[in-house]
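One structure below.
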Amino acid sequence: MKRLFLWLCLCLVGLVAWAGEPPRVILIGPPGAGKGTQARYLSEKYHLSHISTGDILRENRKQGTELGQKAAAYMDSGKLVPDDLIVSMVAEKLEGDGGFVLDGFPRSEAQAVLLDTMLAKAGHPINSVILLEVKDNDLVERLSLRRSCPTCQRTYHLKSNPPKKEGLCDVDGTALIQRPDDKEDVIRNRLRVYHEQTEPVLRHYATAPGVVKIDGQLGIEEVQRRVDEALGAPVAP
């Protein structure tokens, strides 16, 4: 109990220290590396805004908005959505001076430059860049075996996290689907696009403070622990 109490006190100290300079985090990594999982963890634990361009684009697509219709062709083929379709959405989400975690943006050096410019004008530059590293072949297995519920958006994995009843969501019984961008040929194209266009983002931030590489093939809890360390946050004993 004493150790737990001490850890909680340290957490409080960490949050107080962030009161004047909240975390402004970029999570970088290939498709399926676990960016969404870690972004949600950071958002919930440290009360950061979770900004996922992937989620925003999929929601627009589901609602049939003009943006969603334009983005659909790019998403289904594994290509990056053009900058002009997503920059305005990100700009709106970044209003204010609170902390945030960016998941899926920037995906190109041009977007990184634009992001830096926006944040510099607001006086709130990025202070942490976290790279999750996973081998391509492992990512293909992760994503090609992924299934999702079109109703509640819950995600399953046929090997590591299968539904209780084959093909059906545990929550609402809806038939599970494979997203178009989770098919193997599309995944490999997404990885090719990532290596060609997103890896330059790492070079862009190479000399920035707070750049940390983490092995994304580790267990979720271990990755979370290392993410906490990367942010200088207290880590549970």
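Only the coordinates and a few stated rules stand behind these numbers; no lab work does. Given the structure is predicted, the values throughout are model-derived calculations rather than measurements. Reconstructed Cβ throughout: ideal geometry from the backbone, glycine too, with neighbour counts over all protein chains shown.
Data overview
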{"item": "Additional length obtainable on full extension of the chain from Asp97 to Lys159, 0.36 nm per residue less Cα span", "result": "18.2 nm"}
{"item": "Cα gyration tensor shape of region 139-237, rounded if a/c is under 1.5, else prolate or oblate by comparing a/b with b/c", "result": "oblate"}
{"item": "Neighbour-count ranking [beta-carbon atoms within 10 angstrom, fewest first] of Thr37, Thr117", "result": "Thr117, Thr37"}
{"item": "Separation of alpha-carbon centers, region 68-124 and region 171-229, rounded to whole Å", "result": "16 Å"}
{"item": "Net length gained if the chain between Met118 and Ser88 were fully extended (0.36 nm per residue, minus Cα distance)", "result": "9.7 nm"}
{"item": "Three-way shape label, region 97-177, alpha-carbon gyration tensor, a/c 1.5", "result": "prolate"}
{"item": "Ranked Asp172, Asp136, criterion: other C-beta atoms within 10 Å, fewest first", "result": "Asp172, Asp136"}
{"item": "Size of electric dipole in the chain: Cβ of Lys, Arg +1 and of Asp, Glu -1, about Cα centre, debye, nearest 20", "result": "520 debye"}
{"item": "Where labels lie 7 Å past Cα in the beta-carbon direction, separation of Ile220 and Ala73 in nm", "result": "3.7 nm"}
{"item": "Residue with peak Gaussian network fluctuation, the chain [Cα springs, cutoff 10 Å], from Arg154, Arg142, Arg190", "result": "Arg154"}
{"item": "For the chain, built as a Gaussian network whose Cα springs stay under 10 Å, the top-fluctuating residue of Gly29, Gly167, Gly98", "result": "Gly167"}
{"item": "Largest-first ellipsoid semi-axes for the chain, taking √(5λ) over the Cα gyration tensor eigenvalues, angstrom", "result": "29, 24, 17"}
{"item": "Within straight-line cross-link reach of Lys121, aspartates and glutamates at Cα separation under 20 Å, skipping those fewer than 8 residues along the same chain", "result": "Glu21, Asp83, Asp84, Glu92, Glu95, Asp97, Glu109"}
{"item": "Potential extension, Ser49-Ile177 segment - 0.36 nm per residue separation minus Cα distance", "result": "43.2 nm"}
{"item": "Subset of Lys79/Lys165; Lys79/Lys135; Lys62/Lys165; Lys93/Lys135; Lys70/Lys183 violating a 29 Å alpha-carbon distance limit", "result": "Lys79/Lys165; Lys93/Lys135"}
